[in-house]
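Values in this text are rule-based calculations from the coordinates and carry no lab data. Note that the coordinates shown come from a computational prediction; the quantities given were computed from them, not determined experimentally. Cβ coordinates were reconstructed from backbone atoms using ideal geometry, including for glycine residues, and neighbour counts include every protein chain displayed.
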Amino acid sequence: MLYYQTDNKDFILIHGDTMQELPRISERFDMIFADPPYFLSGGGKTIRGNRVVSVDKGDWDAVRTDEEKDEFNYKWLSACRSLLKDNGTIWVCGTFHNIYSVERCLNKLGYKFLNVITWQKEDPPPSLTGTRFNFSAEFIIWAAKSNSSKHYLNFDLMTKINGGKQMSDVWKFPSVGIWEKRCGKHPTQKPLHLLYRIILACTHEGDTILDPFAGSCTTGIAANLLGRKFVGIDQSKDFIDLGLRRRKEIDNPQIAEKMLRKMAETPDEIMVIVNHCRKELKTLMIEKGICYLRAGDSKGSLLVTPGFERLQYVLLHTSGEDCHLFRLKTKGHFQIWTKETLEKYGFSPEHASYYVVLHFDKQEIEFSKQPNLKQRINTYRAKIRPLSDFIGLN
Ligand SMILES: C[S@@+](CC[C@H](N)C(=O)[O-])C[C@H]1O[C@@H](n2cnc3c(N)ncnc32)[C@H](O)[C@@H]1O
């Protein structure tokens, strides 16, 4: 049953059993993201904070036999395949509890395997008994509709996001953050960053995404923030309402901008040092492959914020204009030079005795998003910013 839709229909929520609702949908989708029941709620225990808590998520996640799991997964995966465009792709999450059943069903239905992503959580709960290794990973199968599908992967963007190195199928980032739970809690909420990466990997702006087990609508929030349309189904009114609150929250453009920025961040995000310099000085820096900044708290100095160790690029600009991006020769590496050493290299530093010096490759890096540096209050202050601020997303 249609529960809610935005005026422009870019966010549609259906309340009901996905098995009944999927066959009623007439639209076709560019991407499907499914975070189905893992069927792991069987009275087990885990540690959260310092407390021993139950792993039970709800009746919908109760343990089932292999036959029951196969029957369930086959049914919704079959309905989803009919709703997928010929070149569309599906992503299905799981752990060992359900993922082998999902794999069997995808195979039987004629989907084509593309990857199995291992999402390694950086903050897994400790083992209670010490009789097994910590459970720290979830798996996400990525599949195309059929062998003849010509699926889309924005490989270049993924490489860019990964700091110029090809992205592998092991993704490391933490579980959902507190900032993502401001509207309420879902027991198995996925982090927005996961959806951010997946959506950017295989869809274009304006594409439509289906989530047959929408929960708190993480997929829908990420989709809309990235200019994609969303249809979500969930059988729980409480979860649908939570999703709706999250969607209404991003109607506020300031919150939307903040969420988009936070969603793009990862703890291992590649960072860029953004440094203002006069035009002639910039030309000389580029010629020598050296960027220098005053250390300390004055005009033109370096504001050292967390992330320095992940520094891989230098962006030079003059009052927010004429930007040039270069890769550091060594990640997170800097030297302290005296004024005299800089003079030996042909520079004429005037304002301090010591400088922070970074060496970069002279080969300029292309970036597609014009950085908005002028509007920032401290144009003259060097800042460390994530690489995603400067590379286009499409
Ligand atoms: C693992 S959670 C999804 C969480 C979601 N990815 C998020 O970030 O919030 C699975 C969801 O599927 C819903 N669900 C389970 N079986 C369902 C069914 N047969 N039809 C519709 N929804 C179902 C549950 O209510 C639950 O919210």
Could you work out [θ]222 nm for the chain from helices alone, using -39500 (n - 2.57) per DSSP H run of at least four and dividing by all its residues? Round to the nearest 500 deg cm²/dmol.
-7500 deg cm²/dmol
In degrees, nearest 10, range 0 to 90: what is the angle between the Cα axis of helix 237-249 and the longest Cα principal axis of the chain?
20 degrees
Work from the charge dipole of the chain (Cβ charges, +1 for Lys and Arg, -1 for Asp and Glu, about the Cα centre) and give the residue of Leu315, Ile199, Phe155 farthest towards its positive end.
Leu315
For segment 32-136, state which chymotrypsin sites (Phe, Trp or Tyr not before Pro) are in a DSSP loop and have at most 15 other beta carbons lying within 10 Å of their beta carbon.
Phe96, Phe133, Phe135
Ranked highest first by the average count of other Cβ atoms within 10 Å around their residues, in what order do 187-198, 328-339 fall?
187-198, 328-339
Per residue, what volume in Å³ does the Cα convex hull of the chain take up?
159 Å³
Picking from Ser216, Ala79, Ala352, whose Cα lies most toward the positive end of the charge dipole for the chain (charges on Cβ: Lys, Arg +1; Asp, Glu -1)?
Ala352
By the Cα gyration tensor axes a ≥ b ≥ c (a/c under 1.5 gives rounded; else a/b larger than b/c gives prolate, otherwise oblate), the shape of segment 1-78 is oblate
What residues qualify as long-range amide H neighbours of Ile233, i.e. H under 5 Å apart, gap of 5 or more or another chain, H built at 1.01 Å from N?
Ile14, Asp211, Phe213, Ala214
How much length, in nm to one decimal, is gained on full extension between Thr129 and Lys237, taken as 0.36 nm per residue of separation minus their Cα-Cα distance?
35.2 nm
By the scheme Lys and Arg +1, Asp and Glu -1, what is the net charge of all other residues having a beta-carbon under 10 Å from that of His15?
-3
As I understand it, the value is the acute angle between the Cα axis of helix 253-264 and the longest principal axis of the Cα atoms of the chain; what does it come to in degrees, rounded to 10?
90 degrees
Label-point separation (nm) for Lys248 and Thr341, each offset 7 Å from Cα along Cα-to-Cβ?
5.9 nm
Quick one: Karplus J couplings for segment 70-87, per residue in order, coefficients 6.51, -1.76, 1.60, θ = phi - 60°, nearest Hz, x for Gly and Pro?
4, 4, 4, 5, 4, 5, 6, 5, 5, 5, 5, 4, 5, 8, 8, 5, 4, 9
Along the charge dipole of segment 160-290, Cβ charges K/R +1 and D/E -1, which of Leu225, Ile270, Leu284 sits furthest on the positive end?
Leu284
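Percent antiparallel among DSSP beta bridges with both residues in the chain, to the nearest 5? Intermediate values should be presented prior to the final figure.
On the way: 42 of 70 bridges.
Of all bridge pairs located within the chain, approximately 60 percent are antiparallel.
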Give me the angle, in degrees from 0 to 90, between the Cα long axis of helix 279-288 and the longest principal axis of the Cα atoms of the chain, rounded to the nearest 10.
80 degrees
Residues Phe230, Phe308, Phe390 in order from fewest to most other beta-carbon atoms within 10 Å are Phe308, Phe390, Phe230
If R0 is 51 Å, what FRET efficiency do you get for Thr330 and Lys262 from their C-beta distance, rounded to 0.05?
0.95
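Within the set Lys75/Lys248; Lys9/Lys75; Lys121/Lys160; Lys172/Lys248; Lys121/Lys181, which residue pairs have Cα atoms separated by over 25 Å?
Listed pairs above 25 Å: Lys75/Lys248; Lys9/Lys75; Lys172/Lys248.
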Size of charge dipole - the chain - debye, nearest 20, with Cβ of Lys, Arg +1 and Asp, Glu -1, no other charges
800 debye
Can you give the net charge of the other residues whose Cβ lies under 10 Å from the Cβ of Arg228, counting K and R as +1 and D and E as -1?
-3
Quick one: which residues, 5+ away or cross-chain, put their amide H under 5 Å from the amide H of Gly88? H built at 1.01 Å from N.
Lys145
Give the residues of segment 5-47 whose amide nitrogen is closer than 18 Å to a point set 7 Å from the Cα of Lys112 in the direction of its Cβ.
29-32
So, relative contact order of the chain in percent, Cα under 8 Å, 6 or more apart, is 15 percent
When a footprinting reagent is the concern and you count Cβ atoms within 10 Å, what order do Glu68, Glu287 take, fewest first?
Glu287, Glu68
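Treat every Asp and Glu Cβ in segment 133-276 as -1 and every Lys and Arg Cβ as +1, leave all other atoms uncharged, and give the resulting dipole magnitude about the Cα centre to the nearest 20 debye.
140 debye
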If neighbour count is taken as other Cβ atoms inside 10 Å, put Asp207, Asp123 in order from fewest to most.
Asp123, Asp207
